[in-house]
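Structure first, commentary second.
The values are calculated or read from the model by the stated rules, or taken from the named source; none is laboratory data. If you're wondering where the values come from, they're calculated on a predicted model, not measured in any experiment. Note that each Cβ is placed from the backbone with ideal geometry, even for glycine, and that neighbours are counted across all protein chains shown. Ligands, DNA and RNA are stripped out before the accessible areas are found, and what is left, the full protein with its side chains, is counted by its heavy atoms. Shrake-Rupley method; radii C 1.70, N 1.55, O 1.52, S 1.80 Å.
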Amino acid sequence: MTRQHIVFLTGAGISAESGLSTFRGKDGLWTNEEWVRLASTDALYNDTQRCLDFYNFRRKQLAETEPNEAHLLLAKLEKDYDVTIITQNVDNLHERAGSTHVIHLHGELSKVCSMNNRTTCVKDYPLTTPIMVGDKADDGSQMRPYIVMFGEYVDSMNVAVDYVSKADIFVVIGTSLKVYPAAGFINYVHPEVPKFVINPSDMEQCVRLGFTHIKKNATEGVKILLETLKEL
C-alpha cells in the first residue's frame, strides 16, 4: 500500500508553545520597529554588529529552547506517512524533534553563510557562539546568519509549491497566513485533497477554500488531527 504524503505548513504558533515569540501577534517580534530594522538588509550592511547581535540574541534563546509535544507528534507521523514540513520558522525544533524532511522558507538560525551570497558557504554553527564583525565565512567574506532578512528573496518557494501541489493531505499549523509569498500556498493545494488548518484564531481565507478549521493551539490541534487522520 502506498503511503500517503502529508505536507505541513508551520508558523510561529507551533514554536510559541516552546517559549519562542511569534512575529505578528499582539506581542510578536515585528511589533517592535527597531527589531524589524535590525532584521533587514539595511541593518546587515550599515549597522552590521547590531544586526548580528539581534540574531545572536535569538540564537542563544533557541539554544535554551526544546521541541514541544506538537513538534514530537509531527515527527512520529513519519512511521505511517511520508511527511514534508514547510516551515516559516527559523528555529530547528522540527529537526530536533525527529522530523527528517523540513524545508525552511526563511532560513535557519543554526546555520551561517557568506555576506557576499546568502546561498554559499552555508554550514552549521553553534547557537551559543556569537557571530561577530570580523568572523569570516569560508569564502573570506563576513560571516552572517543564514536567514532571509527583510529585503531578500525567498529562494525555496518553487520547491515548496511543488510539494504542496502534490500533497495527499495538507495541514496548516500556527500561521496567520497574512504574509506573502507563503500565504499563497493554500491556493496550490489540489481541490480534492483533505485540508486542515490548526489555529485558535479565525481563518476565513482557509475555510472559504474548503479547509477544516481545528480552532485550537498547536498541540491540542495536532492531537485532534491525528484522530481525524485515522478516519480518512
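Among the residues making up segment 108-143, a single one is free of Cβ contacts under 8 Å to residues at least 12 places away in the same chain and of a type in the set (Ser, Thr, Tyr): THR129.
Of the residues making up segment 35-62, those that are among the charged types (D, E, K, R), within 18 Å of the chain's Cα centre (by Cα) and not in a helix (DSSP H, G or I) number 0. Considering segment 137-232, the qualifying helices (runs of 4 or more DSSP H), each wholly inside and each with 1 or more residues that are at pLDDT 95 or above and open to solvent by less than 50 Å² (accessible area, probe 1.4 Å), run over 157-165, 218-229.
Selection of segment 86-118 for residues being open to solvent by 70 Å² or more (accessible area, probe 1.4 Å) and under 18 Å from the mean Cα position of the chain (by Cα) yields ARG96, THR100. Residues in segment 76-107 that are in contact (Cβ under 8 Å) with a residue 40 or more places away in the chain, part of a strand (DSSP E or B) and over 15 Å from MET149 (Cα atoms): 7 in all. Out of curiosity, is THR41 of a type in the set (Ser, Thr, Tyr), open to solvent by 10 Å² or more (accessible area, probe 1.4 Å), out of contact with any strand residue (DSSP E or B) (no Cβ under 6 Å at 6 or more places or on another chain) and at pLDDT 90 or above? When the stated conditions are applied, THR41 passes them.
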